[in-house]
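*Asks:* Have a look at this one.
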Amino acid sequence: MMQTQIKQMHTPKHFPLLLIGTLVLTVLCILASLAFGSRTVGWNELLDGLFRPAVQSYEADIVRERVIRTIFSFMCGAALGVAGALMQSVTRNPIADPSILGVNTGAALAVVIGIAFFNISTASAFIWFALVGALLTAIFVFGIGSLGRGGATPLKLVLAGAATSAALSSLVMALMIPRSNVMDQFRFWQVGSVGAGNLDSIYTFLPFLLIGLMIAVVTAPSLNALALGEEMAKSLGVRTGTLKLTASFAGVILCGAATALAGPIGFIGLLAPHLIRLVLGPDQRYLMPMSAFAGAIILTFSDVIGRLLGSPGELEVGIVTAFIGAPILILLTMKVKVRGL
Amino acid sequence: MQPAIEQIRQGRMKRRRRYVGMTLLLTIIAVVLSGLMLMLGNTIYPIQDVIRVLLGEDVKGATFAVEVLRLPRMLAGVFAGAAFGAAGTIFQTMLRNPLANPNVIGITTGSSAAAVFCIVVLQSSEAVISIASIIGGLVTVLVIYFLSKGAAFSIGRLVLVGIGIQAMLTAVINYLLLISRQNDVAMAMRWLTGSLNGAKLEELPPLMITVLICLPIVLLLTRQLEMLELGEMAATGLGINTNQTRLLLIVAAVFMLALATATTGPIAFIAFLAGPIAKRLVGTSHAGILPAALVGIILVLAADLVGQFAFTARYPVGVITGIIGAPYLLYLLIRMNQKGDF
C-alpha cells in the first residue's frame, strides 16, 4: 500500500489512465450539465438541441441555453484550477487559493468601484477593473505575508489574506449601502454563479484564459526547478525573480478574469491541483494542464449539483464549492505541518 | 533587601493605580457615549429631557424617539459590546495569542449561521433563536477544537481550521439570505457584518440576562485566567483545576458571544480589538476582562455614532468597525512577522 503510494508520487505513470478518466469525466459532466437542471431533458431532446437546429422545441432551446452555460463554467473552472496551481507553486505553499488569499475580494472591490463611480456594465469593463483589483490585492497580501522570518508560510499568508479580505469587504459594503442599484447588481454577483455567462462574456474571457494557460504551460519546467528551493533553482539557471513574477501574473489574470465574470467562486484553485497531485505527483508539466481539466470538471459538476439541489431555482455554484472545498482545506491543515513549508 | 521589597510594592501600587484609573476613565467614556446615543438623532434632545424620559415622565416628542428608537439601540450596543469584548479577550488570553479570537476562528459565524437558519427556515421565536445560536457557537468551538487537536496542538492549525469552517458557514449564511423571501438589505447587513438597526426592547432580555450572569462569573475567574495564561503546568502548580476553569470560561464566553450575535449580528472585529486595546491602556499585568468589556462597549457605541452621523448615508456599525479593525489586524500581523512570533 505504502509502496504503491510512493511510486505514484514519483512517476506520473498513471498519466494515461488519468487522461482517459479525465476525458470520460469531461464528456459525462458536459452531458450532465446539458441535461439536468430545473427541467431534466431527455436524450432525444438533447440531440435535437445540439445537432438539429431546425427542430424548435422548448427542451431543445433549454439545451442550447445550457451549452453556453457549460462552456462558460468549463472556462471558469479551468482558469481557477490553473490559477490555484500557479499560486501554490510560486509560493511553495499548499494552501494558496485566490479566495483564501483575498484576491477575489480585491477584484470584487474594484468591480464595485467601477459600478459605483464609472458606471461600468459590460463584461469587458468588469474584467479590466477586476484584474487591476486582483493584481493590487495579490501584491499586497503576498507582501505582508512574506515579511519576517521564514518567508510566506501558509499561516501568515492565510491570515494576511483573511484580514485583507475583511477590510476590503467592509469597504465594499461602505460603497454599496448608499447606492441601492449597485447593491442589487452586486448581491447576485457576490455569491458566485456561472448562470450569468453569455456569449459576450465567453469572448471577453477567451484571450485572458489562453494567455494565462500558455504562461502556465511554458513556465511549468522552471516551476519544477523552483520546487527544489530558491537556491537550487538559481543554480539550475532559473531566474527565480522573473519566473515568480510571470507565473503569479498569469495566476492573477486567470482568477481575476474568472472572478470578474462569474463572481467569487472559492476553493476550485485549492481542490483541483491537490486532486491531480494526489494521483500524478508534483510534476508541474502535467499538473498545469490537468489542473485545468480538474477545475473545469469540479466546477461544472458543482454547478449541476447546485441546479439539482436548488431546483426549481438553483443553488449558486459558489456555495456548493465552498461546501466541498472547506473540508479539504481543513484536511490539508491537519496533514501539513503548519510551521513548516 | 528592604528597598527591593519597597520597590516591588511601589511598582505593584503603580500598576494597580493605573488599572483602577484607566478602568474608571473607560467607564466614564462609556457612560458619556451611552448618553450621546440617547441624545443624538434626527432631533437632538438635551440631557435633561433624556433623563426625564428615563425617569418615566412624558416629554412631548422625546418619549417616543428616546424610549422606542434610541434606548434599545443603546442597550443592544452596550451589552453586545461588553459581551464581544469580554469573550474576545478570554479566548485571546487563554490561547495566548491575539489572533485566536472568536472573529478569526469563526465562532461568531457559527452562531450567526444557526440564528439565520432559525429565522429563515424555521421562522422560530426569539427564545429558540437564542438557544440555537448558543448551540451553534458551542458546536463550532467543539468542532474547531477537535479538528485542530491532532498530534500536536498549535494555534496556527486552530486558526487555519477556523478559517475553513468560517468559509463554509459563510456560504450557508449567503445561501439562506438568498432563499429567504424577506431578503432585505438590512437583514443581510445584520447577519454579515453586524448592525444595531432595528433593535427592539422586547428582543433584548436574553442578551441582557446572559451578560449580567456571565460577566460577573468570568470577572470572578480573572485570577484563574491570569494563571492559565502562564501555561498548563504553571497553572496546575498554582492550584488551579485547569480543565474545570477552562470549561467554565469557554462556556460563559460562548454564551455571551452567541446571544450578542443573535441580537446584533457578528459586529466585525470587536472581539478581536477590545482585548489588545485594553491591554495597551491598563498595562499587561492584568488579564483585564473588565477593561476589555468597557473598550468593547466604547468601540461599538462610538462606531455606531460615527456610522449614523458622520456621513451622508447611514452605515451599520459593523461596516465601520470592519474598516477600523482590519487594518489593525494587518498591523498586528506585520509586527508579529517582524518579531518572528509565528
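Bear in mind these aren't lab numbers, they're just calculated from the coordinates by the rules spelled out. These numbers were taken from a predicted model, which means no experiment stands behind them. All Cβ positions, even for glycine, are placed from backbone atoms using ideal geometry, and neighbour counts span all protein chains on display.
*Asks:* What percent does the relative contact order of chain A come to when contacts are Cα pairs within less than 8 Å and at least six residues apart?
*Replies:* Reported as a whole number, the value is 31 percent.
*Asks:* Right, something else. Once amide H atoms are placed 1.01 Å from N in the peptide plane, what residues at a sequence separation of 5 or more from B:Phe311, or on another chain, have their amide H within under 5 Å of its amide H?
*Replies:* Those qualifying (amide H under 5 Å, at least 5 residues apart or on another chain) number zero.
*Asks:* May I ask you to list the aspartates and glutamates whose Cα is less than 18 Å away from that of B:Lys60, ignoring any residue fewer than eight positions away on the same chain?
*Replies:* Within the straight-line limit of under 18 Å, B:Lys60 reaches these aspartates and glutamates: B:Asp49.
*Asks:* Follow-up. What is the Cα convex hull volume of chain B when expressed per residue in Å³?
*Replies:* Each residue corresponds to 162 Å³ of Cα convex hull volume.
*Asks:* List the pairs from B:Lys200/B:Lys279; A:Lys156/B:Lys149; A:Lys13/A:Lys335; A:Lys234/A:Lys335; A:Lys156/A:Lys234 whose alpha-carbon separation is above 22 Å, in the order I gave them.
*Replies:* Going by Cα-Cα distance, B:Lys200/B:Lys279; A:Lys13/A:Lys335; A:Lys234/A:Lys335; A:Lys156/A:Lys234 fall outside the 22 Å limit.
*Asks:* Label 7 Å along Cα→Cβ of A:Arg64; region A:195-212 residues with amide nitrogen under 17 Å?
*Replies:* Correct set: A:198-200.
*Asks:* May I ask which residue of A:Leu86, A:Phe36, B:Leu281 lies farthest towards the positive end of the charge dipole of the protein assembly as shown, with charges of +1 (Lys, Arg) and -1 (Asp, Glu) on Cβ and the Cα centre as origin?
*Replies:* B:Leu281
*Asks:* Shifting gears a bit: Provide the packing ranking of A:284-295, A:22-33, B:289-300, i.e. peptides ordered by the mean count of other C-beta atoms within 10 Å per residue, highest first.
*Replies:* Those peptides, ordered most packed to least, come out B:289-300, A:284-295, A:22-33.
*Asks:* Quote the FRET efficiency, to the nearest 0.05, computed for B:Val139 versus B:Ala4 with a Förster distance R0 of 35 Å and r equal to the Cβ-Cβ distance.
*Replies:* Here the calculated transfer efficiency is 0.10.
*Asks:* Can you give the three extents of the C-alpha atoms in region A:4-146 along their principal axes, from longest to shortest, in whole Å?
*Replies:* Cα spread of region A:4-146 along its principal axes, largest to smallest: 57, 57, 21 Å.
*Asks:* Turning to a different aspect of this structure: So which GluC sites (Glu not before Pro) in region B:57-130 end up in coil per DSSP with only 12 or fewer other C-beta atoms within 10 Å?
*Replies:* The qualifying sites are B:Glu57.
*Asks:* Calculate, for A:Trp43 and A:Leu210, the FRET efficiency according to 1/(1 + (r/R0)^6) with r their C-beta to C-beta distance and R0 30 Å; round to the nearest 0.05.
*Replies:* 0.35
*Asks:* Please report, largest first and rounded to whole Å, the three semi-axes of the ellipsoid equivalent to chain A, where each semi-axis is the square root of five times an eigenvalue of the C-alpha gyration tensor.
*Replies:* Result for chain A: semi-axes of 32, 27, 17 Å.
*Asks:* While we're looking at this one, here's another question. From the backbone phi of region B:65-79, what are the Karplus-calculated ³J(HN,Hα) couplings (6.51 cos²θ - 1.76 cosθ + 1.60, θ = phi - 60°) in whole Hz, Gly and Pro given as x?
*Replies:* With the stated coefficients, region B:65-79 comes to 4, 6, 6, 8, 9, 8, 4, x, 4, 5, 5, 4, x, 4, 6 Hz.
*Asks:* What longest range of chain B stays clear of loop-exposed trypsin sites (Lys or Arg not before Pro) (DSSP non-H/G/I/E/B, at most 10 other C-beta within 10 angstrom)?
*Replies:* B:182-342
*Asks:* Right, another one. Please find the FRET efficiency linking B:Glu126 to B:Arg16, where r is the Cβ-Cβ separation and R0 is fixed at 51 Å, and quote it to the nearest 0.05.
*Replies:* With R0 = 51 Å, the Cβ-Cβ based efficiency is 0.75.
*Asks:* Which order do peptides B:113-121, B:36-44, A:269-277, A:325-333 fall in by mean Cβ count within 10 Å, highest first?
*Replies:* A:269-277, B:113-121, A:325-333, B:36-44
*Asks:* Averaged over B:165-178, how many beta carbons belonging to a partner chain fall within 10 Å of each residue's beta carbon?
*Replies:* Mean partner-chain Cβ count within 10 Å for B:165-178: 6.
*Asks:* For A:Phe118 and A:Arg285 in the same chain, what is the full-extension length gain: residue separation times 0.36 nm, less their Cα-Cα distance, in nm?
*Replies:* 56.0 nm
*Asks:* Another question, then. Give me the distance in nm between label points sitting 7 Å out from Cα along the Cα-to-Cβ direction at A:Arg239 and B:Glu57, one decimal.
*Replies:* So the two model labels end up 8.1 nm from each other.
*Asks:* What's the average, rounded to a whole number, of partner chain beta-carbon atoms within 10 Å of each residue's beta-carbon in B:305-315?
*Replies:* Taking all residues of B:305-315 together, the mean is 2.
*Asks:* Which whole number of Å³ per residue matches the convex hull of the alpha-carbon atoms in the protein assembly as shown?
*Replies:* Hull volume over Cα atoms, normalised by residue count, gives 190 Å³.
*Asks:* Okay, next question. Peptide A:315-321: average number of partner chain Cβ atoms within 10 Å per residue?
*Replies:* For this peptide, the per-residue mean of nearby foreign Cβ atoms is 3.
*Asks:* If you put +1 on each Lys and Arg Cβ and -1 on each Asp and Glu Cβ, how big is the dipole of chain A around its Cα centre, in Debye rounded to 20?
*Replies:* I would put it at about 1100 debye.
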